[in-house]
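Quick notes on the structure that follows.
The values are calculated or read from the model by the stated rules, or taken from the named source; none is laboratory data. On a predicted model such as this, the values are computed, not experimentally measured, just so you know. Here the Cβ is made from the backbone with ideal geometry for all residues, glycine too, and neighbour counts use every protein chain on show.
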């Protein structure tokens, strides 16, 4: 077996382990989210660090609804829905947050993060939303 065949084989084996690890992390994440939901707790301290459940709010806009909320001249200036453009229009005063409130959709996303035991560095996100 050549050196590159060995590298290719090692790569394939590592990718297989990666899939297994990703599946296991997903299982653990789901169990941790369940525990946090049921217990009302938001963290689990361990000697190696603290596992924390963080809530984040994600905002999106219902384009069909926002088209009904805003005047046609807005859509003449903006060809597609862009949250940054919406924010700029609000800051300019050309639309108000109340005008577009019915089109705002908020979703709470929970992430599992790991904090070091000393709490001195930023959290490293381990898993995404649930």
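Couple of notes before you dig in:
- Some residue of segment 60-68 being under 17 Å from the mean Cα position of the chain (by Cα) and at pLDDT 80 or above: yes
- Scope segment 77-101; condition surrounded by 12 or more Cβ atoms within 10 Å (Cβ to Cβ) and either assigned to a helix (DSSP H, G or I) or under 22 Å from the mean Cα position of the chain (by Cα) (or both); matching residues: 81, 82, 85, 86, 88, 89, 90, 99, 100
- Within segment 1-11, being assigned to a helix (DSSP H, G or I) and surrounded by fewer than 10 Cβ atoms within 10 Å (Cβ to Cβ) holds for 3, 4, 5.
- Output for segment 94-130, where each listed residue is more than 17 Å from residue 62 (Cβ to Cβ), in contact with a helix residue (DSSP H, G or I) (Cβ under 8 Å, 6 or more places away or on another chain) and at pLDDT 85 or above: 96, 110, 112
- Qualifying residue in segment 51-60 (condition: over 13 Å from residue 112 (Cα atoms), in contact with a helix residue (DSSP H, G or I) (Cβ under 9 Å, 6 or more places away or on another chain) and outside any helix (DSSP H, G or I)): yes
- So residue 66, is it surrounded by 13 or more Cβ atoms within 10 Å (Cβ to Cβ), without any contact (Cβ under 8 Å) to a residue 60 or more places away in the chain, in contact with a helix residue (DSSP H, G or I) (Cβ under 8 Å, 6 or more places away or on another chain) and closer than 29 Å to residue 115 by Cα: no
- Selection count where residues are out of contact with any strand residue (DSSP E or B) (no Cβ under 6 Å at 6 or more places or on another chain) and part of a strand (DSSP E or B), scope segment 12-50: 2
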